[in-house]
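Read through the structure below, which is laid out as structure tokens, and then see the notes.
Each reported figure results from applying straightforward, stated rules to the coordinates on display, with no laboratory input. Everything numeric in this text was worked out from a predicted model, so none of it was measured. Don't worry about glycine lacking a Cβ; one is built from the backbone with ideal geometry, like all the others, and counts go over all protein chains shown.
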Amino acid sequence: MGRSLTADQRVSEICNAQSIGAALENMSLAAEEQGLGSLWICNTFFAQKELDDWLGGEGELYAAMALGYAEGNFLAGTRKKMQDVVEWRE
């Protein structure tokens, strides 16, 4: 089963997760500014065993980011205009 957390530990865990998310988004924006493509990888469980082996069990991988030069702008022109997907109701 999972570990039992106090209320303070749970709040700390949530704050840490939000901080990690903000840092990754900032990294992605900075990469874009430098002409790099990025991929935020949330499901990192596939690498946990290797990380445990490397760190001796003293860490947990929350997310990863792949960075590199994109071959092309594959999203260019594929995004719909806001007025085509948003319905305003009064």
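Shape class of the stretch 1-48 from the Cα gyration tensor (axes a ≥ b ≥ c, square roots of the eigenvalues): oblate, since a/c reaches 1.5 or more and a/b does not exceed b/c.
An oblate overall shape is assigned to the chain, the ratio a/c of its alpha-carbon gyration tensor axes (a ≥ b ≥ c) being 1.5 or greater and a/b not exceeding b/c. Under 5 Å from the amide H of I41 lie the amide H atoms of A64, M65, A66, each residue being 5 or more positions distant or on a separate chain, with H modelled from the backbone and absent for Pro and chain starts. Net charge in the neighbourhood of R3 (other residues with Cβ under 12 Å of its Cβ; Lys, Arg +1, Asp, Glu -1) is -1.
Mind giving me the FRET efficiency for A7 and R89? R0 is 35 Å, r the Cβ-Cβ distance, nearest 0.05 is fine. Kindly include the intermediate steps, with their values, before the conclusion.
Numbers: r = 39 Å, r/R0 = 1.11.
Once rounded, the FRET efficiency stands at 0.35.
Using θ = phi - 60° in the Karplus curve 6.51 cos²θ - 1.76 cosθ + 1.60, the 3J(HN,Hα) couplings for the stretch 53-62 round to 4, 6, 9, x, x, 9, x, 9, 7, 8 Hz; x is entered for Gly and Pro.
Calculate for the chain the 222 nm mean residue ellipticity that helices alone would give, adding -39,500 (n - 2.57) per DSSP H run of length 4 or more and normalising by residue count, nearest 500 deg cm²/dmol.
Details: 3 runs with 39 residues, N = 90.
After summing the helix terms and dividing by the residues of the chain, the value is -13500 deg cm²/dmol.
If I stretch the segment between L51 and M65 completely, what's the gain in nm (0.36 nm per residue apart, minus their alpha carbon distance), one decimal?
Values: separation 14, 0.36 × 14 = 5.04 nm, distance 1.50 nm.
Full-extension gain reported as 3.5 nm.
Each peptide among 6-12, 59-65 gets the average number of other Cβ atoms lying within 10 Å of its residues, and from highest to lowest they stand as 59-65, 6-12. Applying the Karplus relation 6.51 cos²θ - 1.76 cosθ + 1.60 with θ = phi - 60° to the stretch 11-27 yields 3J(HN,Hα) values of 4, 4, 4, 5, 4, 5, 4, 5, 5, 4, x, 5, 5, 5, 5, 4, 5 Hz, where x marks Gly and Pro. If you take every residue apart from A17 with its C-beta less than 12 Å away from the C-beta of A17, what net charge results, scoring Lys and Arg +1 and Asp and Glu -1? Once positives and negatives cancel, what remains is -1.
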